[in-house]
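Trainee: Here you go, one structure.
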């Protein structure tokens, strides 16, 4: 199933861990809003991510998010509903549960790529990050996974968006959906305690597909 879901925030967060830095948000009530652009730089929509609750520990715990997907005019593309995502940690292993197949299918055009959870907080330019494979279950029935490979830290930059100015690491990687032989190339600018600030996605031939920019932050 092609790109059933892309996980911007397969984030590992549990109660009491806010003092530990990572490339993810750290408390309930946190909200990110990304603007989505087509290859020509035109706005095609928006993604709003809200962190609802977390419990347990980094090894055994869970965190819940909701996502709203909006078109370029700000109208919901899933009939005013939200996509709910639960990230579960069991013995340190991540599993992602989504609540609805139709809403999950819509997410591909609105959510950033990647797996922030497996990026160490102490990365430096030149590091190679281990591959990641995210198991995903949708509506308790559909099972799939995304594989993220060839992950490298290629730079460190300070960038400014409408949401503010951020010190970012630049990560370049390839993302494969289940059974996919042709990856998407993903270049992300990521900041500690937040996640993706900017991202560019291209196909296996290098042609742009879409890009994302963080334009609102409630931290």
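The values are calculated or read from the model by the stated rules, or taken from the named source; none is laboratory data. Everything numeric here is computed off the predicted structure, so don't read it as measured data. Cβ coordinates were reconstructed from backbone atoms using ideal geometry, including for glycine residues, and neighbour counts include every protein chain displayed.
Trainee: Does residue 134 satisfy being surrounded by fewer than 17 Cβ atoms within 10 Å (Cβ to Cβ) and within 24 Å of residue 97 (Cα to Cα)? Please lay out each step first, then the result.
Mentor: Numbers: surrounded by fewer than 17 Cβ atoms within 10 Å (Cβ to Cβ): no; within 24 Å of residue 97 (Cα to Cα): yes.
Spelling it out, it is not the case that residue 134 is surrounded by fewer than 17 Cβ atoms within 10 Å (Cβ to Cβ) and within 24 Å of residue 97 (Cα to Cα).
Trainee: Since residue 135 meets every condition but one in (1) out of contact with any strand residue (DSSP E or B) (no Cβ under 6 Å at 6 or more places or on another chain); (2) more than 21 Å from residue 34 (Cα to Cα), which condition does it not meet?
Mentor: Looking at each condition in turn, residue 135 falls short on (1).
Trainee: Report, by residue number, each residue of the range 62-83 that is surrounded by fewer than 17 Cβ atoms within 10 Å (Cβ to Cβ) and either touching a residue at least 60 places away in the same chain (Cβ under 8 Å) or closer than 18 Å to residue 28 by Cβ (or both).
Mentor: 66
Trainee: Just give me the residues in the range 70-92 being under 23 Å from residue 186 (Cβ atoms) and out of contact with any strand residue (DSSP E or B) (no Cβ under 6 Å at 6 or more places or on another chain), in sequence order.
Mentor: Once the filter is applied, which keeps residues that are under 23 Å from residue 186 (Cβ atoms) and out of contact with any strand residue (DSSP E or B) (no Cβ under 6 Å at 6 or more places or on another chain), the range 70-92 yields nothing.
Trainee: Of all strands (runs of 3 or more DSSP E) completely enclosed by the range 81-194, which ones contain at least 2 residues that are at pLDDT below 90 and out of contact with any helix residue (DSSP H, G or I) (no Cβ under 7 Å at 6 or more places or on another chain)? Before you say what the answer is, go through the steps one by one.
Mentor: Working: elements: 83-90, 93-98, 132-138, 142-161, 164-176, 184-191.
So the answer is 83-90, 93-98, 132-138, 142-161.
Trainee: Another question, if that's okay. Please work out if residue 10 is at pLDDT below 90 and touching a strand residue (DSSP E or B) at 6+ places or on another chain (Cβ under 6 Å).
Mentor: In short, yes.
Trainee: Examine the range 199-217 for a residue that is at pLDDT below 95 and in contact with a helix residue (DSSP H, G or I) (Cβ under 8 Å, 6 or more places away or on another chain), and state whether such a residue exists.
Mentor: Among the residues of the range 199-217, not one is at pLDDT below 95 and in contact with a helix residue (DSSP H, G or I) (Cβ under 8 Å, 6 or more places away or on another chain), which makes the answer no.
Trainee: Sticking with this one: Kindly evaluate residue 24 against the criterion of being modelled with pLDDT of 85 or more and either within 17 Å of residue 137 (Cβ to Cβ) or buried (at least 19 other Cβ atoms within 10 Å of the Cβ) (or both).
Mentor: On the way: modelled with pLDDT of 85 or more: no; either within 17 Å of residue 137 (Cβ to Cβ) or buried (at least 19 other Cβ atoms within 10 Å of the Cβ) (or both): yes.
Against the criterion (modelled with pLDDT of 85 or more and either within 17 Å of residue 137 (Cβ to Cβ) or buried (at least 19 other Cβ atoms within 10 Å of the Cβ) (or both)), residue 24 does not qualify.
Trainee: Mind checking which residues of the range 42-77 are within 14 Å of residue 212 (Cα to Cα) and outside any strand (DSSP E or B)?
Mentor: Of everything in the range 42-77, those that are within 14 Å of residue 212 (Cα to Cα) and outside any strand (DSSP E or B) turn out to be 42, 72.
Conditions (1) within 27 Å of residue 27 (Cα to Cα); (2) within 13 Å of the chain's Cα centre (by Cα), marked per residue:
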{"residue": "157", "(1), (2)": "yes, no"}
{"residue": "169", "(1), (2)": "yes, no"}
{"residue": "175", "(1), (2)": "no, yes"}
{"residue": "187", "(1), (2)": "yes, yes"}
{"residue": "192", "(1), (2)": "yes, no"}
{"residue": "212", "(1), (2)": "yes, yes"}
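Trainee: Could you please find all residues in the range 179-202 being surrounded by 23 or more Cβ atoms within 10 Å (Cβ to Cβ), within 20 Å of residue 147 (Cβ to Cβ) and without any contact (Cβ under 8 Å) to a residue 40 or more places away in the chain?
Mentor: Correct list: empty.
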